1. Under 22 Å from the mean Cα position of the chain (by Cα) and either facing chain C (nearest Cβ under 7 Å) or part of a helix (DSSP H, G or I) (or both), is that true of B:Leu38?
2. For residues in segment C:173-221 being in a loop (DSSP other than H, G, I, E, B) and away from chain A (no Cβ under 14 Å), which is farthest from C:Ile444 (Cα to Cα)?
3. Pairs under 6 Å by beta carbon, first residue of a type in the set (Lys, Arg) in segment A:297-321, partner part of a helix (DSSP H, G or I), six or more apart or different chains?
4. If you check C:Arg373, C:Arg337, which single one turns out to be away from chain A (no Cβ under 13 Å) and either out of contact with any strand residue (DSSP E or B) (no Cβ under 7 Å at 6 or more places or on another chain) or of a type in the set (Val, Ile, Thr) (or both)?
5. So A:Arg267 fits all but one of (1) on the phi < 0 side of the Ramachandran plot; (2) surrounded by 16 or more Cβ atoms within 10 Å (Cβ to Cβ); (3) not in a helix (DSSP H, G or I); what number is the exception?
6. Does B:Met1 satisfy the criteria of being farther than 23 Å from A:Val50 by Cβ and surrounded by fewer than 18 Cβ atoms within 10 Å (Cβ to Cβ)?
7. Keeping to segment A:127-167, report how many residues are within 12 Å of another protein chain (Cβ to nearest Cβ) and not in a strand (DSSP E or B).
8. Evaluate segment A:314-321: report whether one residue or more is surrounded by fewer than 18 Cβ atoms within 10 Å (Cβ to Cβ), modelled with pLDDT of 95 or more and farther than 30 Å from C:Ile355 by Cβ.
Amino acid sequence: MRKVVIGLEVHCELKSNSKIFSSAKNGFSDIPNSNVSVVDMGMPGILPVVNKEAVRNSIKMALAMNCMVPDYLTFERKNYFYPDLPKGYQITQFKHPIGTNGYVMIDVNGEDKKILIHDTHLEEDTASMDHYNDYSLLDYNRCGVPLLETVTEPCINSADEAVAFLEGLRSIFLYTDTSYARSDKGQIRCDVNVSLMEENATELGTRVEIKNINSFSGVKEAIISEVARQNEVLDNGGEIVQETRRYDESTNKTYTMRSKEDAIDYRYFTDPNLPPIKIDKEWVEEIKSEIPKLHNERFRIYTKEYNINTKDAYTIVKDKKVSDFYEECVNLLNEPVLISNWLTGDVMKYLNRESLTIEEAKLNPIMLTDMIKMVIQGKINGKQAKEVLEKMLDTGKDANTLVNELGMTQISDEGEIRQIILSVLAENKNLIDDYKAGKKVFDYIVGLVMKTTRGKANPIISAKVLKEELEKYL
Amino acid sequence: MDKKTLKLLAKKLMFTMNEEEYDTLSEEFATILKQMDLIGKIDNIDKVEPLIYPFPLENTLMREDEVLDELPIDDILLNSGSSLYNQVKVPKVVE
Amino acid sequence: MVKSIIELNEDLRNEKIDSESLFNQSVKLAKDSQKEYNPFVTILDKYEKNDSDSLVNGIPYVLKDNISTKGILTTASSNILSNYVPVYDATIYKKLKEAGAVLVGKTVLDELAMGGTGMTGHTGIVKNPWDKSRQIGGSSAGSAAAVALGIVPFAIGSDTGDSVRKPAAYGGVVGFKPTYGRISRYGLFPFASSLDHLGIFARNVRDVAIVTDIVKGHDEHDMTSLPDDDKIYTKMLDQSVKGRKLFYIKEALENDDNDSNLSEIIDNFKNVIKKCESIGIEVCEESISKELLLALYPAYMAISCAEATSNDANLNGIHFGVRGEGKTPDEIITDARTKGFSELIKRRFIIGSYILQRENQEKLFLNAYRVRRLVVDKMNELFKKYDGLIMPAAAGIAPKFEDKTDKLSDKYLILDNHLCIGNFGGYPSITIPCGFVNKMPIAINITGRIKEDDLVLNMANKLEDVMEYKNQVAGGDK
């Protein structure tokens, strides 16, 4: 068995109002060329001006990935010709990326693994192209959208690990609120470097790069297919050629794009239009303080401190909004397991059924915890609670209002319940006789009590009082 | 510098030149490389920090994140040699 | 149109003439000169003007054709841009428009501002107004010629190595480039971004200062633009220069070949030094190692070609410019660039690209930037002692067309290549006429400390006052 060695380069579009070097809108528009400035089009004489928010988000990501942030912000030009690159060069970071030497912890089948981050750098996206039979059309909307490229060390050893890292990385983007990270909109794209190492080898094998994969499942399939291809070549005594390949989803295979000899020399050099900008230490600290607890830290707390099962904990941390909701609930009511049960159970079921996000739902943490409190206090029973929750989600009314509206308030007063039981027994003297004769009528009588109170009598108290009353006849 | 190298350089810059033009270029290369060699012989030149900007530009401010300048579609397409459905049209790009 | 800005402004205020007539006069002069001298790519025929109470209100002027003007053809004198109509205004154009100045035309340059002969523009060569068999120099050839011919009182050019100050010298007019970043570059088609400056031509220092006051200032579209200095340069022109100190570079004035033109230029320079002393400016000799002085030109070539090859990579004929023919995107780009650039440009791009290649960066590209550091460090050291550098602007008079091409050659005079020091360090630098050799104008250059544009203009103005070459126009009154 040869060892699989994978390195990833992940491009992800950052959130901001305007683009990285121009003040055109950074937004995903279906109307071609609706958010374009002269700067994005690389018209003669334009100059780039750095967007502070894009830089802030890139620093936030760098810190969240435990990277070093440089003292100065600098940019290089990457020079190459392509129809989607209007300036003939891409402004990127080559010498001093916004983050270097970091790591991200991932969970691979319950085991922690540290994925080393070589660097993460800020750059601009290119135009998008639509291809038709004999022509292509250029839409410059995407030109200049801030892009963060994260490069791992070659320390990933399977397709599953690669996907776990990508999920983890996406989660960091979402938790830090720096990107929508939607692969269905091409906001997160991936280049994969794959090589194989013979069992006792000390050096990495020849590396093959697979370019521009748009989905996590694509990454997984591409790796599996490329590993199989390389194994086959080696098994047949062949050699792996250093090259760039592309992955075709329809055939599930990788194909040669260009060989090492055709590799482009990007002739990187410092962009003279962008003077170095001092990155204030205080600013970095301020940004750091804005980073929330990330998903893996929350996962650890939920499973280790709150004793929530891993499946539910995973469900909660998967979406930061859900996790935030959960933590707010726990702050209001210290019943982490109960809350988790309700949230991952009935609440999620409702959201999935109605295709809603937790934010869109008419439920807030106060409403949910108030309801759970009523259950704990025995004011409503579990079955009623389910009904209340459903109605809460439908109407946005709080639990108290709904319990009143639905007439669900439980009778928990012992004296009141005793009166009800005594009158039920008075009307059904035959049952007392049956009881005395040893017949199993206890539950039937409880049922009558419930029927009389339309279910409002607290079943536990009712049972206790009924037992006391019946024992008097023995 | 041989012609083959020069032609490859031209190809990477996406243009072609005629034969005599490559001859002139070859002479120019010889001149500039000779002059650059002299620069390389300046004492301790390799220890000098390259000067990219004329002088340090202090207090450069970044732009606030506001949407301000966007071009109307007519301006975007005004200078393009060919367009279709409000997009710039080129022969099919094959990756 | 031989009057100065101040004089024209007075005439306009006193309603001796109106600005539209002034514009029409300029247009007529421009059209009349076009056949003989070819300064223009475009002469405007529509009078358009904003109201303002600035000194240039109503005054006609021209822009080099590498400055973006919305709705007005801007070609950079290159075939690849021969159909390009910008959709936005350069900051400098916007400021002049707001100040009420009236644009008369767009002037010819060496293709893409690369070159110093005025002979490589796609619409033909520009001739020297003092002698039609001679170059006006470049790259801001048409702008220099338009001012020298008295078509307009001022013109805008750009200066990457000497492209304003050299043609000003050959044309007998004043040429000034302020400190790097003093005038926003937004809308200037780049040649080499770290060396590019906008500059001003006029027939006297005061007019240059008036225009500089209007076009300078911080611009949020240009991250390299300087913060406002809140000075009015015009007000400082007449301050005393007594006690100021200038130096010249001894090695640049050597005349080993006993070139006769150069001898005359050196004699004239000695005379200029006397004039300086007459107004209280002390001029001293200083030495800079010849090794470094000889490195100026190759370092300039390396930096400018490297930056240019990247800056001009947007010229692919797809989203703007002349579209190439072909069946694939690669073919149309290659066709557009092959047909769109002249030979000189292609050679410069190839040199620049070679210098940037990974394996050459250290030895060629970075060494050039290192020479830049050594030169600038040396200058800054001298500027601790001196208020500026004073030198003849060129080693000779304007060359004949057949004399010189833009090919790189071994023969090279320090005195013909020192002006790029001003670009290396971003120093304010001005060229003013200081006499004639063989009936052709020659000039002196003063280069000062960064951000001291006011002092450079002040010294130039005082020196101009004691010489007789102010407000001169080629071929006498027009």
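1. Spelling it out, it is not the case that B:Leu38 is under 22 Å from the mean Cα position of the chain (by Cα) and either facing chain C (nearest Cβ under 7 Å) or part of a helix (DSSP H, G or I) (or both).
2. C:Gly217
3. A:Arg298/A:Val317; A:Arg298/A:Ser323; A:Lys320/A:Leu174; A:Lys320/A:Tyr175
4. C:Arg373
5. Single failed check for A:Arg267: (1).
6. Yes: the conditions hold for B:Met1.
7. Summing the residues that are within 12 Å of another protein chain (Cβ to nearest Cβ) and not in a strand (DSSP E or B) in segment A:127-167 gives 8.
8. No, segment A:314-321 contains no residue that is surrounded by fewer than 18 Cβ atoms within 10 Å (Cβ to Cβ), modelled with pLDDT of 95 or more and farther than 30 Å from C:Ile355 by Cβ.
The values are calculated or read from the model by the stated rules, or taken from the named source; none is laboratory data. In this text the structure is predicted, and so the values were computed from the model without any measurement. Cβ sites come from the backbone with ideal geometry, for glycine too, and all protein chains shown count toward neighbours.
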